[in-house]
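Heads up: the structure comes next, in structure tokens.
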Amino acid sequence: MKSKISDPHSRLNLIGAIILLVGLGSAILIYQTVEDDSTSVLGYVVGGGSVYSIKPENSKIYLHDLELYGGKAGVLADEFRRWFVGLWQGKTLAFTIAFITILISFGIFFVARQLPSRLESGVHGESNRHDATPE
């Protein structure tokens, strides 16, 4: 007698659930333990009761030089690169892992739902074709 996990639907649902639990657990663990990196800060500005950090890439001189050498495309490419690199650092890494985990697990759940079941496909030796009887 085969176990219930040998069924493709159950197997894919189990894999999707494991990926979801491990991925979201990892994202929570990363979010709680990691601090955002502030080593590249030039200084701080106080305004409106809040403290804002000044990074070199946010200075007008940096942006001017970047636009001078690379044009507007260079500025946009640098902003995109900084955004993409920022996804893999600090607390945003936890959100990135959570998003990717949810995307992958729901993809697996979707595939499991779209698979034909054994009853519909006639795996047990039954034929799904109906023989036409001549009239």
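FYI, it's all coordinate maths here, none of it is from the lab. Worth saying up front: this structure is predicted, and the values here are computed from it rather than measured. Every residue, glycine among them, receives a Cβ derived from its backbone with ideal geometry; neighbour counts consider all protein chains shown.
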Give me the distance in nm between label points sitting 7 Å out from Cα along the Cα-to-Cβ direction at Ile61 and Val22, one decimal.
4.9 nm
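Could you please report the charge total around Lys72, scoring K, R as +1 and D, E as -1 over all other residues with beta-carbon less than 12 angstrom from its beta-carbon? Write down the numbers at each step before the final one.
Working: positive: none; negative: Glu67, Asp78, Glu79.
Here the charged neighbours net out to -3.
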Please give the length that would be gained between Arg81 and Phe95 if that part of the chain were fully extended, namely 0.36 nm times their separation in residues minus their C-alpha to C-alpha distance (nm, one decimal).
3.2 nm
Report the label-to-label distance for Ser6 and Gln32 in nanometres (one decimal), using points 7 Å from each Cα along the Cα→Cβ vector.
4.0 nm
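Using per-residue counts of other Cβ atoms within 10 Å, averaged over each peptide, order 73-82, 13-22 from highest down. Could you put the intermediate results ahead of the total?
Values: 73-82: 12.2, 13-22: 15.3.
With the highest mean Cβ count within 10 Å placed first, the list reads 13-22, 73-82.
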